[in-house]
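Q: Take a look at the following structure, please.
The values are calculated or read from the model by the stated rules, or taken from the named source; none is laboratory data. Because the structure is a prediction, the values reported are computed rather than measured. All Cβ positions, glycine included, derive from the backbone under ideal geometry; neighbour counts span all protein chains shown. Ligands, DNA and RNA are stripped out before the accessible areas are found, and what is left, the full protein with its side chains, is counted by its heavy atoms. Shrake-Rupley method; radii C 1.70, N 1.55, O 1.52, S 1.80 Å.
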Amino acid sequence: MIFKQHPLILAYHSVSRHRNDNLSVNEFEFEKQLIWLKNKKYNIVSIDEAYKSKKNKVAVITFDDGYMDNYQFAFPLLKKYGFIATIFLTTNLINTEKIYHWDKSKVGVYGKEETFRILNWSQIFEMKQYGITFGSHTKSHQILTDISLSESKKEILMSRQILEEKLHSDINLFCYPEAVSYTHLTLPTKMMV
């Protein structure tokens, strides 16, 4: 009997030639990883498809935070190898000059401020046309266990609403911010996601 393997999930944040910190992978290393997936004959699929697929070699590529370098460096490489990905977006930062609070201390050390910028809507629309999918990463990247239930609800639901309105599609994917354990969240908060 042949058992289906669990999907391989590759989670990234930033792909850049300029940035060199713990949230980034160099674009050349990223390309080597894509080549490895291609050579090993992995089927790169969306998160939704990954668990439905009957194939043995299935992989999912994701990006958290929606850094602009996902468009500048990762997207051309994904297209080059015929791969898709899912990007989780923090809606309050899209189309702004703002950067994440944890990146402010990195400016000048790991790159210029523009190195840490977030995607804009035209870049998101272009990637969507190619087949990149998008999910919510909240409205402002707050740690949901540090805020009230009503604030958590706003963070989750408003982000999804904005993405659905802008992208004209259902947003069924959500990625919790900060990669912390949310096992202690209340059932009402989990139900919102």
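Q: Name the residue, out of Ile156, Ile162, that is open to solvent by less than 20 Å² (accessible area, probe 1.4 Å), part of a helix (DSSP H, G or I) and β-branched (Val, Ile, Thr).
A: Ile156
Q: Next question, about the same structure. Would you confirm, using the coordinates I've provided, whether Leu34 is under 23 Å from Gly111 (Cβ atoms), open to solvent by less than 20 Å² (accessible area, probe 1.4 Å) and of a type outside the set (S, T, N, Q)?
A: Here the answer is yes, as Leu34 does meet what is asked.
Q: Taking only region 62-92 into account, find how many residues are closer than 21 Å to Gln161 by Cα and open to solvent by 20 Å² or more (accessible area, probe 1.4 Å).
A: Count: 2.
Yes or no, residue by residue, for (1) touching an Asp or Glu at 6+ places or on another chain (Cβ under 8 Å); (2) under 20 Å from Lys98 (Cβ atoms); (3) among the polar types (S, T, N, Q):
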{"position": "Arg117", "(1), (2), (3)": "yes, yes, no"}
{"position": "Ile124", "(1), (2), (3)": "no, yes, no"}
{"position": "Gln129", "(1), (2), (3)": "no, no, yes"}
{"position": "Ser136", "(1), (2), (3)": "no, yes, yes"}
{"position": "His141", "(1), (2), (3)": "yes, yes, no"}
{"position": "Ser148", "(1), (2), (3)": "no, no, yes"}
{"position": "Glu151", "(1), (2), (3)": "no, yes, no"}
{"position": "Ile162", "(1), (2), (3)": "no, yes, no"}
{"position": "Lys166", "(1), (2), (3)": "no, yes, no"}
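Q: Can you tell me which of (1) touching a Phe, Trp or Tyr at 6+ places or on another chain (Cβ under 9 Å); (2) within 17 Å of Pro177 (Cβ to Cβ) is the one Lys79 doesn't meet?
A: (2)
Q: Continuing with this model, one more query. Among all residue pairs at least 6 apart or on different chains, which show Cβ distances below 6 Å where the first residue, located in region 34-62, is over 12 Å from Leu8 (Cα atoms) and part of a loop (DSSP other than H, G, I, E, B) and the second is open to solvent by 20 Å² or more (accessible area, probe 1.4 Å) and of a type in the set (D, E, K, R)?
A: Within 6 Å, the pairs are Lys41/Lys57.
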